[in-house]
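Read the structure below first, then the notes.
The values are calculated or read from the model by the stated rules, or taken from the named source; none is laboratory data. Please read these numbers as outputs of a predicted model, since none were measured by experiment. Here Cβ is always computed from backbone atoms with ideal geometry, including for glycine, and neighbour counts include all displayed protein chains. Each accessible area value is taken on the protein alone, full model and side chains, heavy atoms only, with ligands, DNA and RNA left out. Shrake-Rupley method; radii C 1.70, N 1.55, O 1.52, S 1.80 Å.
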Amino acid sequence: MLLVHKSVPLGRLLPRRPLEAFFLSPPSRPRRFSLLPRAAMGSVAGDTAARLAYPPARRDDSVVDDYHGVRIADPYRWLEDPDSEETKEFVARQAELAETVLAGCPDRENLRREVTRLFDHPRHAAPFRRGNKYFHFHNTGLQAQSVLYMQDDLDGKEEVLLDPNTLSKDGTIALSTYSISKDGNYIAYGLSESGSDWVSIHVKSITNKQPMPDKLSWVKFSSISWTHDGKGFFYGRYPAPRGGEVDAGTETNINLNHQIYYHVLGSDQSEDVLCWKDPEHPKYTFGASVTEDGKYIILGIYEGCDPVNKLYYCEISSLPRGIEGFRETQELLPFVKLIDNFDAQYEVVANDGDEFTFLTNKSAPKNKLVRVNIKNPELWTDVLPEHEKDVLESADAVNNNQLLVCYMSDVKHILQIRDLRTGNFIHQLPLEIGAVSEISCRREDKEVFIGFTSFLSPGIIFRCNLAPTIPEMKMFREISVPGFDRTSFEVKQVFVPSKDGTIIPMFIMSKKDINLNGSHPTLLYGYGGFNISITPSFSVSRVVLCKNMGFVVCVANIRGGGEYGEEWHKAGALAMKQNCFDDFAACGEFLISSGYTSSNRLCIEGGSNGGLLVAASVNQRPDLFGCALAHVGVMDMLRFHKFTIGHAWTTDYGCSDKEEEFQWLIKYSPLHNVRRPWEQSSGNHCQYPATMLLTADHDDRVVPLHSLKLLATLQHVLCTSTEDILQTNPIIGRIDRKSGHGAGRPTQKLIDEAADRYSFMAKMLGASWTE
């Protein structure tokens, strides 16, 4: 499928893999905790424990905003300035407090040692072919970043093409995107520093492995797409920020006026051809890709994170002076508007000249394939109708006239070969229960490489030969984790009724044949947003929790995600966002009523939109959980749209500038709903669970101010008064340095964070280590 850039959601950039398994840009997740003696494990009021001495934070009661006649105080507004000395002091003192707590977690080093041991195994990504060479990523085990290799054939000698580990001593420079020219002579690649979304694009000759002088700055949310003549490529960028040098990734300024440029190989960025901009819609983002036949430029236009886009095209051969001719005229490329509204999503699957096949959700919330002649767009025909139950996740043209389609059925993937012309079924490829993590193919290829993973499979790469009548699918590589015996574990999928009766799928991983006596420490993970599906995936740290600490690990596929298509997504967005929190609570209650755990042994975890999920769930049901780990969460729902790319998330959340949407947001915004449970009329005399908020100084997706403001608020409301305080469970923040939202985080940082957050969780839940 031609991957026209999509507007980047706030969260996971989630491929089909978990944090540790993904090669280029691991999504964000877990972190730290602990100090209290084991007597203070639960969230039931009345536990006796020494209270932490929380650092004081100034409250500015003069900051009050008026939202449609409702006055809302924002006493920690000053924490929105990351460069102020006061903010830096707050961060330093919170980091000191967190380290004091973590130093008292007895299993911190056990976790670090065992996660490191299991992490130290070779990992491979699926190979792909460009020109006359094969390329693939490989990590020997504990390398900070995976390395890109090339070889003449799959059995030939491997040569290093690009090793990000040579670019920084601490591994914090990561490869974030790349594209190899059709002839295989050049690679253009994007580097990000300290986890920032900002990228600089560089070029390297593949023939002599020498770097080119090209360097492109202020690139963000961009793919790279070469024209077939190999002369240059398209990319997306923002205008350079005003005011001189900035520490890219720490600023909070809103991202506006995305633009598409064409860069000619060997030229200076100042000479790049401006191909598209739209100053009348400064919040739009764009992506340009060249079709597989090299004939067309496809422009995708996005107004937010919803799966909808406009789609324009430009025929390269129709440009009399080529793309470079527009440098002198300073005119935009003459794109033709095929789809000029935001009614549905359109992704190019293939084209034969002017006849295009698209994957779309137009009148098909579970997606379908359609075909149209773009020069005569009045007649659209269905090629593969929407499935009654399963979601059509992707479709790739292969073997000239066939399709490799991937369906999601109850959060498990199915792969089929179909006829490109008719959509007719040809063959189903054999897969275990799990998830397709990657598909490597082009239309001309008779051979396809498929990455697969599951909760109990670290990863398999299949090599599928499509030339025979019945495809031949063989194991090409299998990732093996020393010391991991999958037969010791089991994974179940259960279906849980939510508050309104909707059935929510949930995976449960544990040691085999555990007694359901309510005694097991349990970790419940969720996301629930932006049409993103949380599919089965392998995690070293989760295996360690089950193997060495007796944990039950659960993943709840709540509404808001894409597990059952666009209707499932919309049922957890905008005015329906409360469904996400209800679904998550229902899964927690199921785990307790079914005998897996109890409330004081249940921890919830989520990152980004999932961090919001965890924080809102703790506010609404402090009695249900014993611990909470909220990573890089969106916590201020009234102001998120004012910072970096936050304005793109209004398609999922709404915006406080509109009165109706303000009323949705104020009801669950974590920052604005912190209450002392013991003072509420419900009579539920409990305290908040032990809580860790995790953020990072270079997170320019969900900027740190969200977690910092909530951290100050939680500590003030729950912990700092001298009167009638029942809160003894700790409320701390882990604030990482030289890290961002999660993508590109080096291996050692992943390990350290896992040791911190899970040792905190283990102590809070009373879990103990066994070898």
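Only one of A57, A53 is over 34 Å from the mean Cα position of the chain (by Cα) and either polar (S, T, N, Q) or not in a helix (DSSP H, G or I) (or both); which?
On inspection, the qualifying residue turns out to be A53.
Within region 98-122, residues that are closer than 15 Å to A762 by Cα have Cβ atoms under 6 Å from residues that are hydrophobic (A, V, I, L, M, F, W, C) and open to solvent by 30 Å² or more (accessible area, probe 1.4 Å) in these pairs: V101/L35; G104/L35; D107/W769; N110/W769, counting only partners at least 6 apart in sequence or on another chain. Close Cβ contacts (under 8 Å, 6 or more residues apart or on different chains) running from residues in region 459-473 that are touching a residue at least 40 places away in the same chain (Cβ under 8 Å) to residues that are crowded, with 21+ Cβ neighbours inside 10 Å and aromatic (F, W, Y) comprise G459/F452; G459/F538; I461/F449; I461/F452; M473/F462.
Just one of (1) closer than 30 Å to A344 by Cα; (2) outside any helix (DSSP H, G or I) fails for H641. It is (2). The set of residues in region 194-204 that are in contact (Cβ under 8 Å) with a residue 60 or more places away in the chain and either hydrophobic (A, V, I, L, M, F, W, C) or assigned to a strand (DSSP E or B) (or both) comprises W198, I201, V203.
With region 230-282 as the region, which strands (runs of 3 or more DSSP E) entirely inside it contain at least 1 residues that are under 30 Å from K738 (Cβ atoms) and open to solvent by less than 40 Å² (accessible area, probe 1.4 Å)?
Those strands (runs of 3 or more DSSP E) span 232-237, 259-264.
Look at region 410-422: where a residue is under 30 Å from M506 (Cβ atoms) and a partner is aliphatic (A, V, I, L, M) and open to solvent by less than 40 Å² (accessible area, probe 1.4 Å), sitting 6+ places away or on another chain with Cβ atoms under 6 Å, you get H413/A435; H413/V436; L415/L429; Q416/V405.
Condition first: under 13 Å from L524 (Cα atoms) and surrounded by fewer than 24 Cβ atoms within 10 Å (Cβ to Cβ). Now tell me which residues in region 619-648 satisfy that. Explain how you work it out, then say what you get.
Kept after step one, since they are under 13 Å from L524 (Cα atoms), are these residues of region 619-648: 624-630.
L624 - this is the single residue of region 619-648 that is under 13 Å from L524 (Cα atoms) and surrounded by fewer than 24 Cβ atoms within 10 Å (Cβ to Cβ).
Residue count for region 307-325 under the criterion of being touching a residue at least 60 places away in the same chain (Cβ under 8 Å) and either touching a Cys at 6+ places or on another chain (Cβ under 9 Å) or open to solvent by less than 60 Å² (accessible area, probe 1.4 Å) (or both): the result is 6. For region 346-364, which positions are part of a loop (DSSP other than H, G, I, E, B) and under 15 Å from L384 (Cβ atoms)? Within region 346-364, N361, K362, S363, A364 meet the criteria. Listed conditions (1) open to solvent by less than 10 Å² (accessible area, probe 1.4 Å); (2) aliphatic (A, V, I, L, M); (3) touching a strand residue (DSSP E or B) at 6+ places or on another chain (Cβ under 7 Å) are all met by A767, apart from (3). Apart from one condition, S656 fits all of (1) closer than 30 Å to F551 by Cβ; (2) more than 20 Å from the chain's Cα centre (by Cα); (3) touching a residue at least 40 places away in the same chain (Cβ under 8 Å); (4) buried (at least 20 other Cβ atoms within 10 Å of the Cβ); the exception is (1).
Being within 25 Å of the chain's Cα centre (by Cα), over 28 Å from I297 (Cα atoms) and either open to solvent by 20 Å² or more (accessible area, probe 1.4 Å) or hydrophobic (A, V, I, L, M, F, W, C) (or both): is that true of A188 here? Here the answer is no, as A188 does not meet what is asked.
Mind checking whether some residue in region 699-706 is part of a helix (DSSP H, G or I) and either free of Cβ contacts under 8 Å to residues at least 60 places away in the same chain or more than 20 Å from M637 (Cα to Cα) (or both)? No, because not a single residue in region 699-706 is part of a helix (DSSP H, G or I) and either free of Cβ contacts under 8 Å to residues at least 60 places away in the same chain or more than 20 Å from M637 (Cα to Cα) (or both).
Filtered by the rule that a residue be farther than 24 Å from L216 by Cα and open to solvent by 50 Å² or more (accessible area, probe 1.4 Å), region 141-185 gives L142, D152, D153, D155, K157, E158, E159. In region 191-224, which residue that is among the β-branched types (V, I, T) and over 21 Å from the mean Cα position of the chain (by Cα) is most open to solvent (accessible area, probe 1.4 Å)? Only one residue fits best here, namely T207.
Looking across region 579-603 at every residue that is within 27 Å of the chain's Cα centre (by Cα) and among the aliphatic types (A, V, I, L, M), the one that is nearest to A762 (Cα to Cα) is identified as L602.
Checking each residue in region 365-379 for being within 14 Å of A344 (Cα to Cα) and part of a strand (DSSP E or B) picks out K368, L369, V370. None of D83, D155 is without any contact (Cβ under 8 Å) to a residue 12 or more places away in the chain, out of contact with any helix residue (DSSP H, G or I) (no Cβ under 9 Å at 6 or more places or on another chain) and not in a helix (DSSP H, G or I) except D155. In summary, K337 fulfils each of the numbered conditions (1) in a loop (DSSP other than H, G, I, E, B); (2) open to solvent by 70 Å² or more (accessible area, probe 1.4 Å) with the single exception of condition (1).
Evaluation of F221 against the conditions (1) over 30 Å from R77 (Cβ atoms); (2) assigned to a loop (DSSP other than H, G, I, E, B) shows that the sole unmet condition is (1).
When region 602-617 is filtered for residues that are part of a helix (DSSP H, G or I), within 21 Å of F551 (Cα to Cα) and of a type in the set (A, V, I, L, M, F, W, C), only V614 remains. Scanning region 666-697 for residues that are out of contact with any strand residue (DSSP E or B) (no Cβ under 9 Å at 6 or more places or on another chain) and either among the β-branched types (V, I, T) or farther than 11 Å from L714 by Cα (or both) returns K667, Y668, S669, V674, E679, Q680, S681, S682, G683, N684. Just one of the numbered conditions (1) out of contact with any Phe, Trp or Tyr (no Cβ under 7 Å at 6 or more places or on another chain); (2) closer than 25 Å to N351 by Cα; (3) among the acidic types (D, E) is not true of E388: (2). The one condition from (1) modelled with pLDDT of 95 or more; (2) under 28 Å from E80 (Cα atoms); (3) in a loop (DSSP other than H, G, I, E, B) that G744 does not meet is (1). Taken together, G287, G266, G294, G304 contain a single residue that is touching a residue at least 60 places away in the same chain (Cβ under 8 Å), under 20 Å from T227 (Cα atoms) and out of contact with any strand residue (DSSP E or B) (no Cβ under 6 Å at 6 or more places or on another chain), which is G294.
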